[in-house]
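Here the structure is laid out as structure tokens; the discussion comes afterwards.
The values are calculated or read from the model by the stated rules, or taken from the named source; none is laboratory data. These numbers were taken from a predicted model, which means no experiment stands behind them. Quick reminder, even Gly has a Cβ in these numbers, built from the backbone with ideal geometry, and neighbours come from all protein chains shown. Surface accessibility is based on the protein's heavy atoms, side chains included, excluding ligands, DNA and RNA. Shrake-Rupley method; radii C 1.70, N 1.55, O 1.52, S 1.80 Å.
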Amino acid sequence: MRKRKFRSILAGAGAAAFMAAVLAGCGNTGIPGDLMQDLDSARNLEEPSGGSSGNLEEPSGDNGKNPGGAEAVTDFGVRLLQQVLEGDKNVLLSPLSVASALAMTANGAEGDTLSQMEAVLGMPVQELSEWLHTYREALPRGEKYRLDLANAIWFAEKEGFTVEQEFLQANQDYFDAGLYQVPFEASVAGDINQWVEERTDGRIREIVTKVSPDAVMYLVNALVFDAQWQEIYRENQVRERDFTREDGTVQKVEMMHSAESQYLTDGQAEGFIKYYEEGEYAYVALLPREGLTVSEYVASLTGEGLRQMLLSPVSGYVDAAVPKYKSEYGISLEEALQEMGMQNAFDELRADFSGIGYSVEGPVYISQVLHKTFMAVDERGTRAGAATVVEMEEGGGGFAEEIQTVYLDRPFLYMIVDCRTMVPVFMGTVMDPGAEN
């Protein structure tokens, strides 16, 4: 087994003049009168203290901002989303959660199995593990916002199955993983589900439905996100509007209106960044241009292109509207990950997880990668949770010149991002705000 050496990763006046000019011509903006009050107060908006995407130079100290890790997780998230989009169904993933669970697993991979996992994850597993460790240790937390990640490994207490201590130690060092060696009986599923429920504040209540008789290990990541908007929506900012689905049908939704200050566009979509309290985290929405479906837009994305857009918003004023919605989503990721190039890990004849341990019954391989997510977006902020389980079995810019209007009144892509790194903690699509999936 290769040797792992732990190391840390180091990791104004013009706006006011612009706003005055905009407001002077407000009669032609088409913006509701009560929104103009929000735009007027936006004159005094300062860049969030957490570091807007326009100010992401390498900070002093070690806060996990390693461009390699941020770029790898972003690109992994884009490619994974491209694999799992399902037509008119709302989709919600946490690239950070899936990458964490797979990185823990990859710490025991060898040979071609390791090479394929690293290619899919986007960087060497030791570097990714170190980056995720530093990232998790430096997560900001306040009274009105938090992002917490937790990791654990359950492994079977059974004759003939032996776990490598170096593998367990690596995952304790990098991921602070809780270790549970128990007989793999039916109660293990309940134990894992209870652990996940507690660490997602009840948002993910069941992720493992049963324990396979051949299962010898479960590697689990749980993630919870809670944040209040920097500016909570007032009652008069919530109005009923039409939302047009891609099939042309229309539904009434409660739309939350606000004035935002960061406009995004890449020529194929436009959107905005909306900050949570203290600006450490933000909600990002991207609305494909008319005539372009969400699937077509996501298929055109690259991790590099998405990061470039997130790091280069246009400072200006955006007349924005977001529907209230709730999304619950679950998926088995084996097929998607194999399509991305991670084939050996799922093949009991080719998988090489000798770094995890060995079984007299046959080689250890990945049988399932289960992922569940939850998100609710309303007037006060956002509540979200995610969990990922890997089951192992033994075989036999400048100011805008005008106010931009972005109403999310048709299907769109959205993200929750960490403003220090612009890493997407969550990525999802809203095809139907009324469907909780």
Would you be able to say whether some residue in the range 287-298 is open to solvent by 50 Å² or more (accessible area, probe 1.4 Å) and closer than 17 Å to L93 by Cβ?
no
Within the bounds of the range 168-188, is there any residue that is modelled with pLDDT of 95 or more and β-branched (V, I, T)?
no
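Going by the conditions given, is K210 over 18 Å from S100 (Cβ atoms), touching a strand residue (DSSP E or B) at 6+ places or on another chain (Cβ under 9 Å), surrounded by fewer than 21 Cβ atoms within 10 Å (Cβ to Cβ) and of a type outside the set (S, T, N, Q)?
Details: over 18 Å from S100 (Cβ atoms): yes; touching a strand residue (DSSP E or B) at 6+ places or on another chain (Cβ under 9 Å): no; surrounded by fewer than 21 Cβ atoms within 10 Å (Cβ to Cβ): yes; of a type outside the set (S, T, N, Q): yes.
It is false that K210 is over 18 Å from S100 (Cβ atoms), touching a strand residue (DSSP E or B) at 6+ places or on another chain (Cβ under 9 Å), surrounded by fewer than 21 Cβ atoms within 10 Å (Cβ to Cβ) and of a type outside the set (S, T, N, Q).
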Among the listed residues R203, R199, R146, R141, identify the single one that is under 30 Å from Y275 (Cβ atoms), open to solvent by 10 Å² or more (accessible area, probe 1.4 Å), at pLDDT below 95 and of a type in the set (K, R).
R141
It is to be established whether one or more residues within the range 260-272 are open to solvent by 10 Å² or more (accessible area, probe 1.4 Å), over 23 Å from R380 (Cβ atoms), in a strand (DSSP E or B) and of a type in the set (F, W, Y).
yes
Among the residues of the range 103-113, is any in contact with a helix residue (DSSP H, G or I) (Cβ under 6 Å, 6 or more places away or on another chain), of a type in the set (A, V, I, L, M, F, W, C) and within 23 Å of G428 (Cβ to Cβ)?
yes
Among the numbered criteria (1) surrounded by fewer than 18 Cβ atoms within 10 Å (Cβ to Cβ); (2) more than 27 Å from G87 (Cα to Cα), which single criterion is violated by E328?
(2)
Would you mind stating whether L349 is out of contact with any Cys (no Cβ under 8 Å at 6 or more places or on another chain) and within 26 Å of A384 (Cβ to Cβ)?
no
Pick from the range 360-388, criterion under 16 Å from the mean Cα position of the chain (by Cα), open to solvent by less than 50 Å² (accessible area, probe 1.4 Å) and not small (G, A, S), ranking: nearest to Y325 (Cα to Cα):
V377
Identify the single condition in (1) at pLDDT 95 or above; (2) over 22 Å from S261 (Cβ atoms) that S359 does not satisfy, given that it satisfies every other one.
(1)
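Of these, Y218, Y174, which one is open to solvent by less than 50 Å² (accessible area, probe 1.4 Å) and in contact with a His (Cβ under 6 Å, 6 or more places away or on another chain)? Lay out the reasoning, then the answer.
Values: Y218 fails: in contact with a His (Cβ under 6 Å, 6 or more places away or on another chain).
Answer to the check: Y174.
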Does any residue of the range 329-338 turn out to be among the polar types (S, T, N, Q), in a strand (DSSP E or B) and over 30 Å from E110 (Cα atoms)?
no
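Scanning for something part of a strand (DSSP E or B) and basic (K, R), does the range 408-415 turn up at least one residue?
Within the range 408-415, the subset part of a strand (DSSP E or B) is 412-415.
Filter again for basic (K, R), leaving none.
No - not one qualifying residue is present in the range 408-415.
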Pull out all pairs, ordered by first then second residue, where Cβ-Cβ is under 9 Å, the residues are six or more apart or on different chains, the first lies in the range 227-240 and is in a strand (DSSP E or B), and the second is of a type in the set (S, T, N, Q).
A227/T382; Q228/T382; W229/S258; W229/T382
Which fully enclosed helices (runs of 4 or more DSSP H) of the range 109-222 have 1 or more residues being farther than 26 Å from D75 by Cα and under 17 Å from the mean Cα position of the chain (by Cα)?
187-199
Hey, can you tell me all the residues within the range 221-236 that are open to solvent by less than 40 Å² (accessible area, probe 1.4 Å) and under 18 Å from A376 (Cβ atoms)?
A222, L223, V224, F225, D226, A227, Q228, W229, Y233
Which members of the range 342-359 meet the condition of being in a loop (DSSP other than H, G, I, E, B), touching a Ser or Thr at 6+ places or on another chain (Cβ under 6 Å) and surrounded by 22 or more Cβ atoms within 10 Å (Cβ to Cβ)?
A351
